[in-house]
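Notes follow once the structure below has been shown.
The values are calculated or read from the model by the stated rules, or taken from the named source; none is laboratory data. Quantities reported herein were computed from a predicted structural model and do not represent experimental measurements. Using ideal geometry, Cβ is built from the backbone for each residue, glycine included, and neighbour counts are taken over all protein chains shown.
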Amino acid sequence: MAEQAYTVASDSETTGEERSSSTVPEIAIGIDIGTSQCSVAVWSGSQVELLRNTRNQKLMKSYVTFKDEVPAGGVSNQLAHEYEMLSGAAIFNMKRLIGRVDTDPVVHASKSLPFLVQTLDIGVRPFIAALVKNMWRSTTPEEVLAIFLVELRVMAEMQLKRPIRNVVLTIPVSFSRFQLTRIERACAMAGLHVLRLMPEPTAVALLYAQQQQQNVHENMGSGSEKIALIFNMGAGFCDTAITATAGGVSQIRSLAGSTLGGEDILQNTMRHLIPNMDSYFSRHGINEIEKMGLLRVATQDAIHKLSTQPSVEIDVDLGNGRKIYKVLNRKEFEEVNQNVFEKCASLINQCLSDAKIEVADVNDVILVGGCSNIPMIRNMVTGICKKDVYSGMNPLEAAVRGAALEGAVASGVNDPFGSLDLLTIQTTPLSIGIRADGNNLVPVIPKNTTMPARKDVFFTTVHDNQAEALIIVYEGDEEAVEKNHLLGYFKIMGIPPASKGVPEINVCMDIDASNSLRVFAGVIMPGEQNPSAPFMEIRMPTVDDGHGWCAEALNRTYGSTLDLVTVQKKVQH
Amino acid sequence: MCCNSALTIPPPDPCFSFLPTRPDVISFPVSVSFRVRHVFPHGPSKSIPDDTAQLSGSDPACFYDLLGIPETGTLLEIKQAYKQLARKYHPDVSPPDRVEEYTKKFIRVQEAYKTLSDPRRRALYDRDMAKGIHLAFSARRLFEFDELCTQQMEDKSEWKSRWQSQLSHLKKRSMYKDSGDNMSWGAKMRRQRNESS
């Protein structure tokens, strides 16, 4: 998406052209950058293989440490101990921070991490810094991600013995288009070209489609359409999807996602152990960071143990006579995190109702992601779906395997056995619309619209003789406009004098094959064939960092004066 | 002017704020089609897919023709036809030099599938077909209206009863409008054609 607009014009751009003219297509690799762990996979010619780092790991921790002059990421770096990652020198959870402004609750929740996250709460990008030689050194999530991606790229190039340029990345469903541009920016910084950005559960859906197709070939499956519900919960995000699969075609019926993840469960549990945790650690001194690290590791460890045992003992010495000793049982843990589990359940129900699928019609329930080990999550999912969990997938590898499949398909690789005879029909994870009817978001392309898509809606003026109309484009599904992601704004000018409600303002949105969004808008007076002024075409998103601030300023400055109101099309004579 | 009389209709409750289109669309499919066609007259035709021009002109295919199934086709046949056509026209699998053209086609196939795979929408579409309104895309606004309503009404049963009450509401409204207009449907159509030609 929006390649032209956001890819850094680097030397790699031209070499890419040259390479593409060679005879053998370069097979794009699949990368799953998790909030906590990361993996890389590639189509080997007959199947998907996960790549390993020099320490023989398939899953690598997603972090970059700035301890020395040269930053080192979790691909190449060996931690002496987990506490080292929590010393303030390492930045992690960058996927949760990327493309967010400092008024975002997710950014605020990140303030209890060992590195520095500072907010001014005015809608600009947060200040993020790592502790280097006892000094806070600033960085950005894009930079951290780029450093990490470079390590992944070097690792893949060494193993595959060829240069890597094209990648398919998995992304959370809840990411806005602005966040996608930040991911693309990080990739460009790392010299990678994004072939596709796939919502995580749709990558899993593709793997499922391939498995079903194989079953048909081996005469194990019926070949009829199968409905699968995919629930994917990792450390940072929780995503669900409904897919209808037949003949290798995976048709995404609905998507739903949120920023809930293992990190929230961890923080809820930490707060349960130290109710005044935020004030306790707020000074962010070296001492506090160390204590916070101790608590974090102990809590994480306890949560892992609670997946297999009914209760766990937590014993942490925070110094200055402050000790935490507690026996935490599973029931208490579940009560502490009830809000998280409830939200997960509502995501599944929403996904089912959006897809207009009854629970009874679901053939398979696929549970993936790091949180799929938590008994309460399993019980909740199987409870809603009244079905056992599909067993044909490794929960930690499903997304990256799907991404690698997509990488091969999108690179134009053919498989003689038909294993790559696959297609994913994607849908929009979020609605895209404009501010209208006062302070509301009126969708032009509703969520779960099949892509590519092109839709338009007619609007009209709210004041007599209104000459200009401000079009503010948002993405999201909150009714109140400011709760959605701002993508851009522009004015329609030269509206001929008329009573309010008369001019017809056409707003058309187009998502093309490369998932790039364009907005067309203009005004036509009733009874006329031609627009009153030239139409406008805007590639979105046009906003940059600080868009939260920008949205607020827009609302304050213009408010009601240039609002649009949706009035439905009138009879045209 | 009829548009002014439409404006004097008391504002419907918020849930139905998209209502007034509906009778218009049903009775004046051509006008919608022309309107859409003239939306980007100055735009570079290469970058802006102008699907409606083809549609109202050389290729007046109905949804059934588009999917290549008979009007009696079952849901299973519709689904199979859709997936087959998706394999052909989806931009991910189409030949690189024909992506733009195939994307347009895919969007139309998608529209056809979306309508025919939903029993209620299919029934409405069949009814319009029977009335002789054949233009596939002219009914577009109708479906968008449907979607908005669907979004607003979570509960399916509630939805149905509202839908029925809406239908009767609509009938009344269109009658009111026709009488206020003093013009027959055919007269409107002729006038429409004259204006747009």
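Residue check: A:Asn394 meets all listed conditions (1) surrounded by fewer than 18 Cβ atoms within 10 Å (Cβ to Cβ); (2) part of a helix (DSSP H, G or I) but one, namely (2). Does segment A:301-308 contain any residue that is assigned by TED's automatic domain parsing to the domain that holds A:Asp361, crowded, with 17+ Cβ neighbours inside 10 Å, in contact with a Lys or Arg (Cβ under 6 Å, 6 or more places away or on another chain) and under 26 Å from A:Ile384 (Cβ atoms)? The answer is no, given that none of the residues of segment A:301-308 is assigned by TED's automatic domain parsing to the domain that holds A:Asp361, crowded, with 17+ Cβ neighbours inside 10 Å, in contact with a Lys or Arg (Cβ under 6 Å, 6 or more places away or on another chain) and under 26 Å from A:Ile384 (Cβ atoms). A:Val216 meets all of the listed conditions (1) within 14 Å of chain B (Cβ to nearest Cβ); (2) under 30 Å from A:Lys447 (Cα atoms); (3) not aromatic (Phe, Trp, Tyr) but one, namely (2).
Taking A:Pro497, is it at pLDDT 90 or above, farther than 25 Å from A:Val543 by Cβ and under 39 Å from the mean Cα position of the chain (by Cα)?
On the way: at pLDDT 90 or above: yes; farther than 25 Å from A:Val543 by Cβ: yes; under 39 Å from the mean Cα position of the chain (by Cα): no.
Spelling it out, it is not the case that A:Pro497 is at pLDDT 90 or above, farther than 25 Å from A:Val543 by Cβ and under 39 Å from the mean Cα position of the chain (by Cα).
Only strands (runs of 3 or more DSSP E) whose full extent lies in segment A:238-332 are considered here, and the ones with at least 2 residues that are within 14 Å of chain B (Cβ to nearest Cβ) are A:238-246, A:249-258. Among the residues making up segment A:323-344, those that are of a type in the set (Lys, Arg) and more than 33 Å from the chain's Cα centre (by Cα) are A:Lys323, A:Lys326. Here is the figure for segment A:444-453: residues that are within 8 Å of chain B (Cβ to nearest Cβ) and not in a loop (DSSP other than H, G, I, E, B) total 2.
Consider segment A:39-68. How many of its residues are among the aromatic types (Phe, Trp, Tyr) and either outside any strand (DSSP E or B) or closer than 13 Å to A:Ile29 by Cβ (or both)? Working first, answer last.
Quick first cut of segment A:39-68, residues among the aromatic types (Phe, Trp, Tyr) only: A:43, A:63, A:66.
In the following step, the residues that additionally are either outside any strand (DSSP E or B) or closer than 13 Å to A:Ile29 by Cβ (or both) were identified as A:43, A:66.
So the count comes out to 2.
The residues of segment A:472-526 that are within 10 Å of chain B (Cβ to nearest Cβ), of a type in the set (Lys, Arg) and not in a loop (DSSP other than H, G, I, E, B) amount to a single one, A:Arg518.
Kindly evaluate A:Asp437 against the criterion of being within 10 Å of chain B (Cβ to nearest Cβ), surrounded by fewer than 20 Cβ atoms within 10 Å (Cβ to Cβ) and on the phi < 0 side of the Ramachandran plot. No, not satisfied. A:Thr449 fulfils the conditions (1) surrounded by fewer than 18 Cβ atoms within 10 Å (Cβ to Cβ); (2) under 21 Å from the mean Cα position of the chain (by Cα) except for a single criterion, (1).
Just to be sure before I move on: is B:Leu66 modelled with pLDDT of 90 or more, within 16 Å of the chain's Cα centre (by Cα) and over 17 Å from A:Lys455 (Cα atoms) in the structure I sent?
Details: modelled with pLDDT of 90 or more: yes; within 16 Å of the chain's Cα centre (by Cα): yes; over 17 Å from A:Lys455 (Cα atoms): yes.
In short, yes.
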